[in-house]
Structure formats: C-alpha cells, structure tokens
Amino acid sequence: MGMGLDMKKLHVALGERSYDLLIGDGILSEPLTAAAAFAPAAERAALVCDETVWSLYGQLASDSLRGAGLPSEPILVPPGEGSKSIEQLSYLYERFAEMGLTRGGLVVALGGGVTGDLAGFAAATWMRGVGLVQIPTTLLAQVDSSVGGKTAIDIGAGKNLVGAFHQPRLVVIDPLVLKTLPPREYAAGMAEVIKYGAIASPALFGQLESGRPGGDIADIIHECCRIKRDVVIEDEFDTGLRMTLNFGHTFGHAIETKYGYGRYNHGEAVAGGMRIAARVGEMLGVTEAGTEERISRLLSRYDLDVRENTDGLISIMKRDKKAAGAGVNLVLLKNIGEATIKYVEYAALEKVDVI
Ligand SMILES: NC(=O)c1ccc[n+]([C@@H]2O[C@H](COP(=O)([O-])OP(=O)(O)OC[C@H]3O[C@@H](n4cnc5c(N)ncnc54)[C@H](O)[C@@H]3O)[C@@H](O)[C@H]2O)c1
Ligand SMILES: [Zn+2]
C-alpha cells in the first residue's frame, strides 16, 4: 500500500480460514497487493459486479487489481435483489468455465450485499470452493454482509434459502465509494450501524448521538467490523452468540413480509423492528427504562422514521417456520450496549405500540 494512506487492519482469527479486513479512504486507488497473494500468477480473477457499480467503480477496481499484478475478467449482473437467483448463479458458473477458473482461482465481489452474497456462493461452490475477496461498496455491505462468510441466493420459497458458509480471504473497504450511494441506501446501512451500537457498543451509540451525521464514517465502519469480527470469531457457524446480530430483525423481517418487500428496504424494516424490540424489552422489564426513547431518537436522526406496531406482525411471525410454538426467541437489550436472548410468548406481543 502507498505511503500516507491511513489504512486500518482488523484480523479475523478463524484458524485456517483467518483473514484481514483492510479499511481506508482511497484504498482502491492504490495497487491491491494484498489480494494478489491469493491467485496464481498465471490466472485472471473473476471480478463479479452489478452494472451500476461497474459503471462507477469497475475501472478503479480492475486497475487496483492490475496494479498488483492481478488481471481480472469482469462478470456483470443486473443491479438488485433479483440477481441473487439460480439464473445469475448459473450465468456465473458458465463464465467461470469459459475463463478457465481453476481450484486455485480467485473470485472478487465488487458491490453491495447482493453481489457479495451471489459471488460468494458461486465461489463457495465452484470446484468445491475457490478463494474469495470482498470489495463491499454499500454501507450495509461494508459493516455487515462482507464480513463473516455467509453467502446465499434466493429461491421462490424464500430469501437466502440456498447458501453456504464461505469465509473470504480478504475484505477491502474503501469508505470513499459511499459518496455515490443513494441517501436511502446510506440510511439503510446506518440502521445496521445503530444496531451494533445498541447490542455491543455504548461508545459507538454515543458517538452516533453526538457526532455529525456522515462524519467519521471510516472510524464508525471500523468499530462495526470489530464488533462483527468478535461475534463471528466466537460463533462462526451461527449456533448461539451470532443471533444477537439479529436485534430488530425478527420484527423487521415480519415488516418486510407484511409489505411484500415493496415499501421498506431491509434497513428501514430493521429500524421499525428495533423500535418494537426496545418497547417489548421495556414492557417485560428486561430493558432499562428510557432505552426505547434513545433508540427511537437516534433512528430518526438518521432518517429512519419507520414506526410500525405489532398488529399484523405476530401472525406473520407464527407462520415463520423458525418460530414454531407458543412464543419466539427474541434479541432484547438489557441496556444500550448489551443484548440478551429471551423466549417471549406471542400473547405478550399483541398490541405493542412504539414511540
Ligand atoms: N451475507 C450476509 O451476512 C448478509 C448480511 C446482511 C445482508 N445480506 C444481503 O445483502 C443484500 C443487500 O445488500 P445491499 O443493501 O448492499 O444491496 P445491493 O447490493 O442491492 O446494493 C444496493 C444498490 O446500491 C447500488 N450501489 C452499490 N454500491 C454503490 C455505490 N458505492 N454507489 C452507488 N450505488 C451503489 C447497487 O447497484 C444497488 O442498486 C440482501 O440480499 C441481504 O440478504 C447479507
Ligand atoms: Zn440486517
């Protein structure tokens, strides 16, 4: 990496599957020497990207790879959740075959969570698994989906139903690319950022409450990645602690389902879900009084004004196969910075109104 670039590194210690996250403004304007180590000299990397991100950052990323001695072959998919499909997956496989991507080859995912999940799953399954480098370009992908090794596509029966755990070899985060992100996508990422503060970091939460919105975003991303890293190291395969990352998500998914994925994006739905979870926690005496108000105020500060009560959500949650029985395991807060998991009966969730 060049001189004078303020780059931070986080190490994800997972034995043979260990890797680094590199975070720095302008990191993509430099040769990506750290990525070149993962591909044989003779091979080109498969650079998977959606068309929108390609037009903005395709040249930058391919130059950055080439500068490190790693030529790449672009493979483009349409933007949007619709590309997490069997059809686009099979298109990627065809292109991998055409370019002769071998066991030692490398897939680079340049884009948001859609590209990362699709390219990641293709990398997980191509020749039983090839190397993957994530270059996330949305705030959501930079703080959440590019870290931790979950990859998936959607099928008619539901989102993320076909997937694999496949840790990347490297994650390269350049916060400067967020400058072109549409405000609503930015806000959606902020919902996950606020989630990290709520479950694990009073300091981050306080910084978001007092700082200038949009200021210090590189530091904020670093703190979110540190939190996710620590959770993933403890629970790589999502059998316990990793569930706390789902704060706001059980209600959030129900909100997404209620409106057929049309009205709210994921982050907005999670914002609505966090308001409900905070209210439920206070009602049950699990969550310190005043927490709902702090969460609600902070969400509004970042243009996340979704307020839904539980009407119509409980029946959706009951239908969800993961929530069989008379109640559901919910991630609730003890206070800002500390999460816990509680089994709550559906009867206690009827008619919950948020502030
Ligand atoms: N694997 C995981 O752990 C995990 C975690 C959370 C979410 N996800 C998945 O992530 C997906 C959502 O990701 P997303 O919100 O990043 O959506 P996305 O990848 O669709 O990106 C959102 C939009 O922003 C555009 N875009 C991306 N970067 C841009 C930039 N820098 N400037 C301008 N436009 C840009 C894209 O073209 C797209 O239209 C969902 O499918 C979700 O299931 C996965
Ligand atoms: Zn989420």
Item to check | Given (1) polar (S, T, N, Q); (2) more than 15 Å from ligand 2 (Cβ to nearest atom); (3) out of contact with any Gly (no Cβ under 7 Å at 6 or more places or on another chain), number of the condition GLN142 does not satisfy | outcome: (2)
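Within the range 265-299, count every residue that is within 16 Å of ligand 1 (Cβ to nearest atom) and surrounded by 21 or more Cβ atoms within 10 Å (Cβ to Cβ). Break it down stepwise before answering.
Let us first name the residues in the range 265-299 that are within 16 Å of ligand 1 (Cβ to nearest atom), namely 265-271, 273-274.
Within this subset, residues satisfying the condition of being surrounded by 21 or more Cβ atoms within 10 Å (Cβ to Cβ) are 266-271, 273-274.
Here the count works out to 8.
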Checklist outcome for this item: Scanning the range 189-228 residue by residue, those within 16 Å of ligand 2 (Cβ to nearest atom), touching a Phe, Trp or Tyr at 6+ places or on another chain (Cβ under 9 Å) and either small (Gly, Ala, Ser) or not in a helix (DSSP H, G or I) (or both) turn out to be ALA191, GLY197, ALA198
Checklist outcome for this item: In the set GLN134, GLN167, the lone residue that is part of a strand (DSSP E or B), under 15 Å from the mean Cα position of the chain (by Cα) and touching a residue at least 12 places away in the same chain (Cβ under 8 Å) is GLN134
Checklist entry - Inside the range 241-252, can you point out the residues that are within 11 Å of ligand 2 (Cβ to nearest atom) and either free of Cβ contacts under 8 Å to residues at least 12 places away in the same chain or out of contact with any helix residue (DSSP H, G or I) (no Cβ under 7 Å at 6 or more places or on another chain) (or both)? => result ASN246
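Go through the range 256-279 residue by residue and tally those that are within 14 Å of ligand 2 (Cβ to nearest atom), assigned to a helix (DSSP H, G or I) and modelled with pLDDT under 95. Let's see the steps before the verdict.
First pass over the range 256-279, keeping only residues within 14 Å of ligand 2 (Cβ to nearest atom): 256, 261, 264-274, 277.
Adding the requirement that they be assigned to a helix (DSSP H, G or I) leaves 256, 266-274, 277.
Checking which are modelled with pLDDT under 95 leaves us with 256, 266.
Of the residues in the range 256-279, 2 are within 14 Å of ligand 2 (Cβ to nearest atom), assigned to a helix (DSSP H, G or I) and modelled with pLDDT under 95.
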Checklist entry - Identify, please: which residue in the range 83-107 is of a type in the set (Ser, Thr, Tyr) and not in a loop (DSSP other than H, G, I, E, B) and is, among those, surrounded by the most Cβ atoms within 10 Å (Cβ to Cβ)? => result SER83
Checklist entry - If you scan the range 259-304, which residues turn out to be under 20 Å from PRO202 (Cβ atoms) and among the small types (Gly, Ala, Ser)? => result ALA271, ALA277, ALA278, GLY281, ALA289, GLY290, SER296, SER300
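For residues that are in a helix (DSSP H, G or I) and without any contact (Cβ under 8 Å) to a residue 60 or more places away in the chain, scanning just the range 173-188, find the one that is nearest to ligand 2 (Cβ to nearest atom).
First, the residues of the range 173-188 that are in a helix (DSSP H, G or I): 175-180, 183-188.
Still in the list and also without any contact (Cβ under 8 Å) to a residue 60 or more places away in the chain: 178-179, 186.
Working: LEU178: 17, LYS179: 23, TYR186: 15 Å.
Among them, the one singled out is TYR186.
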Item to check | Residues of the range 63-117 that turn out to be away from ligand 1 (no atom under 16 Å from the Cβ), without any contact (Cβ under 8 Å) to a residue 40 or more places away in the chain and either not assigned by TED's automatic domain parsing to the domain that holds LYS150 or not small (Gly, Ala, Ser) (or both), as a count | outcome: 10
Checklist outcome for this item: Scanning the range 170-206 for residues that are surrounded by fewer than 24 Cβ atoms within 10 Å (Cβ to Cβ), within 15 Å of the chain's Cα centre (by Cα) and of a type in the set (Phe, Trp, Tyr) gives TYR186
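Quick grid of which residues meet (1) free of Cβ contacts under 8 Å to residues at least 24 places away in the same chain; (2) among the hydrophobic types (A, V, I, L, M, F, W, C):
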site: ALA254; (1), (2): no, yes
site: ARG263; (1), (2): yes, no
site: VAL270; (1), (2): no, yes
site: GLU293; (1), (2): no, no
site: TYR302; (1), (2): no, no
site: ILE314; (1), (2): no, yes
site: ASN329; (1), (2): no, no
site: LYS351; (1), (2): no, no
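The values are calculated or read from the model by the stated rules, or taken from the named source; none is laboratory data. Quantities reported herein were computed from a predicted structural model and do not represent experimental measurements. Every residue, glycine among them, receives a Cβ derived from its backbone with ideal geometry; neighbour counts consider all protein chains shown.
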